[in-house]
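A short reminder: the numbers here are calculations on the coordinates, not readings from a lab. Predicted model, so just to flag it, every value in this text is computed and none were measured. Because the Cβ atoms are built from the backbone with ideal geometry, glycine has one as well, and the counts that use them run over all protein chains shown.
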Amino acid sequence: MFSCVSSLCCESVQENDTTPLTPVQPNTTNEDSLIMNQDPREWTETFRALFDEKVAAYRKGTRTVGHLFSEEETRFLRTIGATPQEIFDFVEDWCDAGEPDPETALAITRIRWDYLQKEQGGTHSERVVHLDSFPSRQATLAGLEWFPRIIEKAKAKLRGELPPDLMYACGGDRRFLKKVNVDPVEFLQVTRDAGEKVEPIIQFVTNRIQST
């Protein structure tokens, strides 16, 4: 059993790359069949230990995804709907910027895991949303820049379709969320509860602004 992983990271400088991304191919091993039978208590402590281990390794100088995660750890992350790149981004931002903290990374991962179980039936999406499909940083909704972008990023995060060059709860996301006084975990849950609708998300954010 491996010993087991958070980061203020803005999106990678590769974000403007227009090369189409290859869709993730489904893994046909019976690891996916374990997803539907998981209890979050069974993997939460493993996640915490993994996160702490990767934080220590990052601080000692291991700064690439390929060197930071083993195949066994990658398989474990897949069963909970996460990827090494996503956890690396959280680790990097936690070490370099002091946020989001490990418990926030865990809470975000738990929402994604629950979505994978209940909304996707334990089946990983084969799709990766192309970078050019996301609204620009300057796009506005309800008079707020970045709002359309973070909504689409949250939806892609829930579905497991974020490209590796984007991070949900990156520095830009956090700046927006602080401006509207919403936590990244809270925003992800609100987005999930809204389903395909945008109006409930707008209402939630505008209500929060008005109450502060």
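Miscellaneous remarks
- Ratio Rg/Rh, restricted to the range 23-182 and using Cα atoms, in which Rh is the Kirkwood radius: 0.96
- Charge sum, other residues only, whose C-beta stays under 12 Å from GLU186's C-beta, Lys/Arg counted +1 and Asp/Glu -1: 0
- The relative contact order of the range 125-212, computed from alpha carbon pairs under 8 Å that lie at least 6 residues apart in sequence, is 24 percent.
- Each 5 Å bin, from zero up to the one with the longest distance, holds this percent of the alpha carbon pairs of the range 107-153: 5, 19, 17, 16, 18, 17, 7, 1.
- The packing ranking, built from the mean of other Cβ atoms within 10 Å per residue, places the peptides 105-112, 173-180, 133-140 in the order 105-112, 173-180, 133-140, highest first.
- Over the range 151-211: Kirkwood hydrodynamic radius from C-alpha pairwise inverse distances, Å: 11.8 Å
- Length-normalised contact order of the range 43-143 in % [C-alpha pairs under 8 Å, at least 6 apart]: 25 percent
- Hits among aspartates and glutamates - C-alpha to C-alpha of LYS155 under 13 Å, sequence gap 8 or more where chains match: GLU119, ASP193, GLU196
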